[in-house]
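Peer 1: Dumping the structure here so I can ask a few things about it.
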Amino acid sequence: MTPEQFIAKWQGSALREDQASQSHFNDLCALLDEPTPAAADPKGEWFCFERGANKTTGQRGWADVWKRGHFGWEYKGKRKDLRAAFVQLQQYALALENPPLLVVSDMETIIIRTNWTNAVSETHTVTLEELRDPRRRALLKAVLSDPDRLRPERTRQAITEDAAGKFAELAARLRARGHDPQLVAHFVNRIVFCLFADDVGLLPAGVLDSLLATTRKNPARFPDLAGRLFRAMKDPGGTLDFVEIDWFNGGLFDDDTALPLTAQDIAAVQEAARLDWGEIDPTIFGTLFERGLDPEKRGQLGAHYTDREKISLIINPVIIRPLEREWAEARARIEAIMAAVPKSGVAPAEIARRRERARTQATPIYRAFLDRLRAYRVLDPACGSGNFLYLALMAIKDIELRAGLESEALGLQRQLPEVGPEVLLGIELNAYAAELARISVWIGAIQWARRNAMPQPGNPILKPLNTIECRDAVLNPDGSVADWPKADAIVGNPPFIGDKAMIGALGEDYTARLRKAYAGRVPGAADFVCYWFEKAREQIENGATTRAGLVATNSIRGGANRRVLDRITEQGVIFDAWSDEPWTLDGAAVRVSIVCFGDGNSAGSPSLDGYTVTTIFADLSAGDFDLTTAQPLANNRAIASSGVTKKGAFNIDGDLAHAWLAAPSNPNGRSNAEVLSPWYNGEDVTGRHLNRWIINFGDMPETQATFFVQPFAHVVLHVQPARSKSGSPSERRHWWLLARRAPALFQRLDGLARFIATPEVSKHRVFVWLPKAVTPDKNLVAIARDDDTSFGILHSRFHEAWALRLGTSLEDRPRYTPTTTFETFAFPEGLTPNLPAASYAADARAIRIADAARALVAARDRWLNPPEWVEEVPDVLPHLPPRKIPRDAAAAKQLKTRTLTNLYNRRGTGEGAWLDALHADLDRAVAAAYGWPEDIATDDALAALLALNRARTG
DNA sequence: AATCCGACACTGC
DNA sequence: GCAGTGTCGGATT
């Protein structure tokens, strides 16, 4: 069909909609060279006319034409109301699986509205005449076959950020003029809400425009005129210059102050008013806005922006899926009742009578589900600006609508949606954030109604949302544990404040009262976020809620924080979790865990990191064995410990140290060598040794220390000033001494020529030998063993895997902790670190491991310090390790990248193959020592190690 | 007196 | 500016 033929046929046509629509659409397919529904999908499953039509009930389809993932298309007779056709499509969009394009046509004009959830909506109109234009035909062809070409570039997020930015600037200017920040926030919020209300038609057309236009010319009148508008909105029956204004209750308009604005400010508001406020995403807006208002108070505002994806990871398993399961059950019962009505074989009157009876029987099931939804409560006890609550409300309303559509399709009478913001319960400490939450939720409810072409909320437009409370969620003013309201589900992202930061952030008094209130339930060393977990667990225990889903830092998997998860898994279950997810917000360096838990009655298998598992353990792992049950072993006690803690500038450069070593002996006749030693930190192990030394007077009294002239003078100059201000009396008093001198460690090292060290935090779990003369910093874990067998066992993949699972992390870098990773690790029988190395010197297993370990260390050392580049020079004193000196500047430059981290970064690549081979050798030797197959799978080895641990701890 | 943490804190490109 | 990768002092136990 040519465009001319098409135009000629449809220009003159006077056919009514139901007679002509299918033939119009088929002609259009022919014109655009696209297959018709009948040709493309004869079964009518994904591309068809009258989708959703039910011959039994006589129900009309949700759309005249539908193509899955493409469009819903509704015809109206010529020049009938096309808006009504849109309403029809919007109301059924959910049933049509949310097509990205909604199209209406009266056979002369075709109007296409884009309907992507994350993008702003755009409208394209194509008239019959325009079909001569190939570009317009291409547009229509895209509707049929490639809707993505119509996807608008502007996302809701972009316009929201734009809008938030404009108001952040305005707020900053108002604050700079000395207005109270809280007042500014409140005022700017009101303007924001007016812009939104204006755009969605809740304010009489033109009121806001003329207010802005008038006051721009005469800014002095702004406080008075804007105040009059705010007052009119606040009161029932309010008017402004004889125009009735709807009633906006709900706290936002309690205070009608309008701050004075300059002409420039008003121009900025006018400019902001041009944005499409109907498309504002309240979840982004609330937070961006909040942050823009007073960047210094960001932390205090509490609410950290949680992106939609993360919120979905909680809301889906905690709220949506359980409700959908409930609906599926109800629907199945309705379906069974309705299906029992005969379609033929009896008299039509009898069929109608039976259908009516079935309806009467089935309707209460649908109504009961609606009642359930209306009585449903979601609690966010750290709601901030309300992102979780907003999305929860949207989800529940979608479920309500879906239930309505599906009931209607089954032949029941659909009820209008009634679920509103009252299903949301919130607790938020910051008054301003709480108010933002209330507004976000209302904006969301209004947007939802518009999007689905449902009736807007009536007067008052904003109801007070007293269910979003402004108070402390974990501690009452009298020091008791705070109460939470009963709710079906608890969700949220509570504030993260590490134990050591709590006093600084919350105050000493508050912290003490909080810890006292939760004594025995939350350890003092736990993060602030843990109190929400414990409180939610208590709610579940008391039957005040059934499910909870909260965000925490990934540290919740270990240490003192894990105690709250231990308690949760003892009584209930973790049914959905994400153990370690990156956080997308800039400026917040953290990785998070998402934990959804309940009373254990939830259906289905748990899901961990998106995979179905049998049980989720308290460390957010799963599998056949629970490594959190591993206990410290007596054999491993008092071997591994961290090094010294300086708390002061006790470090000196190697050159200075050597100068002091070369100086004549001191007035007490003793050499500086007694108080100087090379100092190694994590960096010195994973990178190049930085040749730093440390002044260590051990436990010397001050008078004795003064005799070591240069070192003491250095400490007086560089350490004393800062130390004298220390919070610790003992550190103040003994200012010339290291704060933690690790006496037990040095005692253990006595008699050894070297020891094993590994950095507490590092990308790769590497172990190195350090000479006894070296003082390790506390960021190094020093292991008091000097035999190659112990070294080899520790550097095997088995200990590495064990340490990864049993240790914690700093973001995604593993952390080695002596108690949980070393002390729990079962060495092979007979090679345990409580035995003197000499006792297994003749053991063939030990010798094999030692040989492999020596080969590994030697090859590594040659790579780190190739003899061609490095010269080894004996140090001035015999107990000191030889110094490694680059032969020239070029070598020095090359050596910079010869670090253990860089070397282990090459593992698994061709360049690192030699290292892989040496490690594989070592691993086989260690596996053999345990009596395992040499190629044992890591998981099997972990299970065996746990079994050994259990056996040795009884 | 020892351990272990960081809505991190640096360095270095 | 942002990859890349481990410091350092504090607070609990």
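Peer 1: Can you tell me which of A:Arg950, A:Arg883, A:Arg887 is in contact with a helix residue (DSSP H, G or I) (Cβ under 9 Å, 6 or more places away or on another chain), open to solvent by 70 Å² or more (accessible area, probe 1.4 Å) and closer than 30 Å to A:Asn691 by Cβ? It would help to see each step written out before you state the result.
Peer 2: On the way: A:Arg950 fails: closer than 30 Å to A:Asn691 by Cβ; A:Arg887 fails: in contact with a helix residue (DSSP H, G or I) (Cβ under 9 Å, 6 or more places away or on another chain).
Residue meeting the stated conditions: A:Arg883.
Peer 1: Spot the failing condition for A:Thr897; the list is (1) under 25 Å from A:Ala662 (Cβ atoms); (2) of a type outside the set (Asp, Glu); (3) free of Cβ contacts under 8 Å to residues at least 24 places away in the same chain, and only one is missed.
Peer 2: Unmet for A:Thr897, out of (1) under 25 Å from A:Ala662 (Cβ atoms); (2) of a type outside the set (Asp, Glu); (3) free of Cβ contacts under 8 Å to residues at least 24 places away in the same chain: (1).
Peer 1: What is the residue count in the range A:495-523 for residues that are more than 10 Å from DNA strand B (Cβ to nearest atom), more than 15 Å from A:Val564 (Cβ to Cβ) and basic (Lys, Arg)?
Peer 2: 2
Residues checked against (1) under 30 Å from A:Pro759 (Cα atoms); (2) open to solvent by 20 Å² or more (accessible area, probe 1.4 Å); (3) modelled with pLDDT of 95 or more; (4) within 14 Å of DNA strand B (Cβ to nearest atom):
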residue: A:Ala560; (1), (2), (3), (4): yes, yes, yes, yes
residue: A:Val564; (1), (2), (3), (4): yes, no, yes, yes
residue: A:Ile574; (1), (2), (3), (4): no, no, yes, no
residue: A:Trp583; (1), (2), (3), (4): yes, yes, no, yes
residue: A:Asp599; (1), (2), (3), (4): no, yes, no, no
residue: A:Asp624; (1), (2), (3), (4): no, yes, no, no
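Peer 1: Right, next: Of (1) over 30 Å from A:Arg372 (Cβ atoms); (2) open to solvent by 20 Å² or more (accessible area, probe 1.4 Å); (3) free of Cβ contacts under 8 Å to residues at least 40 places away in the same chain, A:Asp483 satisfies all except one. Which?
Peer 2: (1)
Peer 1: Looking at (1) open to solvent by less than 60 Å² (accessible area, probe 1.4 Å); (2) not assigned by the TED database to the domain that holds A:Arg883, which is the only condition A:Arg740 fails?
Peer 2: All conditions are met except number (1).
Peer 1: With the requirement that a residue be closer than 25 Å to A:Trp46 by Cβ, open to solvent by less than 20 Å² (accessible area, probe 1.4 Å) and hydrophobic (A, V, I, L, M, F, W, C), what does the range A:96-130 give you?
Peer 2: Correct list: A:Leu96, A:Leu101, A:Leu102, A:Val103, A:Val104, A:Met107, A:Ile110, A:Ile112, A:Ala119, A:Val126.
Peer 1: Evaluate the following for A:Ala39: is it at pLDDT 90 or above and open to solvent by 50 Å² or more (accessible area, probe 1.4 Å)?
Peer 2: Yes; evaluated as a whole, the condition is true for this residue.
Peer 1: I need the full set of residues from the range A:754-778 which are within 20 Å of A:Leu806 (Cβ to Cβ), within 16 Å of DNA strand C (Cβ to nearest atom), outside any loop (DSSP other than H, G, I, E, B) and not hydroxyl-bearing (Ser, Thr, Tyr), in order please.
Peer 2: Of everything in the range A:754-778, those that are within 20 Å of A:Leu806 (Cβ to Cβ), within 16 Å of DNA strand C (Cβ to nearest atom), outside any loop (DSSP other than H, G, I, E, B) and not hydroxyl-bearing (Ser, Thr, Tyr) turn out to be A:Ala757, A:Pro759, A:Val761.
Peer 1: If A:Ser579 satisfies every condition in (1) touching a Lys or Arg at 6+ places or on another chain (Cβ under 7 Å); (2) within 15 Å of DNA strand C (Cβ to nearest atom); (3) at pLDDT 95 or above but one, which is the exception?
Peer 2: A:Ser579 satisfies all of (1) touching a Lys or Arg at 6+ places or on another chain (Cβ under 7 Å); (2) within 15 Å of DNA strand C (Cβ to nearest atom); (3) at pLDDT 95 or above except (2).
Peer 1: If you don't mind, another one. Looking at (1) in a helix (DSSP H, G or I); (2) open to solvent by 60 Å² or more (accessible area, probe 1.4 Å); (3) at pLDDT below 80, which is the one condition that is false for A:Gly286?
Peer 2: With respect to (1) in a helix (DSSP H, G or I); (2) open to solvent by 60 Å² or more (accessible area, probe 1.4 Å); (3) at pLDDT below 80, A:Gly286 is out only on (2).
Peer 1: Condition first: farther than 24 Å from A:Asp788 by Cβ, modelled with pLDDT of 90 or more and β-branched (Val, Ile, Thr). Now tell me which residues in the range A:857-892 satisfy that.
Peer 2: A:Val873, A:Ile885
Peer 1: Shifting gears a bit: Tell me, which helices (runs of 4 or more DSSP H) lie completely within the range A:673-753 with 1 or more residues that are under 41 Å from the mean Cα position of the chain (by Cα) and of a type in the set (Lys, Arg)?
Peer 2: Passing ranges, in order: A:720-723.
Peer 1: Shifting gears a bit: If you check every pair at least six apart or on different chains, which have Cβ atoms under 8 Å apart with a residue in the range A:161-190 that is open to solvent by 10 Å² or more (accessible area, probe 1.4 Å) and at pLDDT below 85 first and a residue that is charged (D, E, K, R) and not in a helix (DSSP H, G or I) second?
Peer 2: Short answer, once both residue conditions are applied: A:Arg175/A:Asp294; A:Pro181/A:Asp294; A:His186/A:Asp255.
Peer 1: Answer yes or no as to whether A:Asn54 is under 29 Å from A:Leu391 (Cβ atoms) and of a type in the set (S, T, N, Q).
Peer 2: Spelling it out, it is not the case that A:Asn54 is under 29 Å from A:Leu391 (Cβ atoms) and of a type in the set (S, T, N, Q).
Peer 1: Given (1) of a type outside the set (Lys, Arg); (2) open to solvent by less than 50 Å² (accessible area, probe 1.4 Å); (3) farther than 18 Å from A:Trp442 by Cα; (4) under 38 Å from the mean Cα position of the chain (by Cα), where does A:Phe222 come up short, assuming only one miss?
Peer 2: So A:Phe222 meets the others, but not (4).
Peer 1: Go through the range A:599-647 and report how many residues are of a type in the set (A, V, I, L, M) and either in a loop (DSSP other than H, G, I, E, B) or free of Cβ contacts under 8 Å to residues at least 40 places away in the same chain (or both).
Peer 2: 10
Peer 1: Report the residue count in the range A:809-862 for those that are free of Cβ contacts under 8 Å to residues at least 40 places away in the same chain and within 16 Å of DNA strand B (Cβ to nearest atom).
Peer 2: Number of matching residues: 1.
Peer 1: Take the residues of the range A:682-726 that are open to solvent by 20 Å² or more (accessible area, probe 1.4 Å) and among the charged types (D, E, K, R): which is nearest to DNA strand C (Cβ to nearest atom)?
Peer 2: Ranking the candidates gives A:Glu683 first.
Peer 1: Looking at the range A:471-569, what helices (runs of 4 or more DSSP H) fall wholly within it and have at least 3 residues that are away from DNA strand C (no atom under 16 Å from the Cβ)?
Peer 2: Filter on the range A:471-569 gives A:529-541.
Peer 1: Would you mind listing the strands (runs of 3 or more DSSP E) fully within the range A:25-126 where at least 2 residues are of a type outside the set (A, V, I, L, M), in contact with a Pro (Cβ under 9 Å, 6 or more places away or on another chain) and in the same structural domain as A:Leu140 (by the TED database)?
Peer 2: Strands (runs of 3 or more DSSP E) meeting the threshold: A:47-51, A:63-67, A:71-75.
The values are calculated or read from the model by the stated rules, or taken from the named source; none is laboratory data. In this text, all values refer to a predicted model and were calculated from it rather than measured experimentally. Ideal geometry is used to build each Cβ from the backbone, glycine not excepted, and the neighbour counts take in all protein chains shown. Quick note on the areas: whole protein, heavy atoms, side chains included, nothing else; ligands and nucleic acids left out. Shrake-Rupley method; radii C 1.70, N 1.55, O 1.52, S 1.80 Å.
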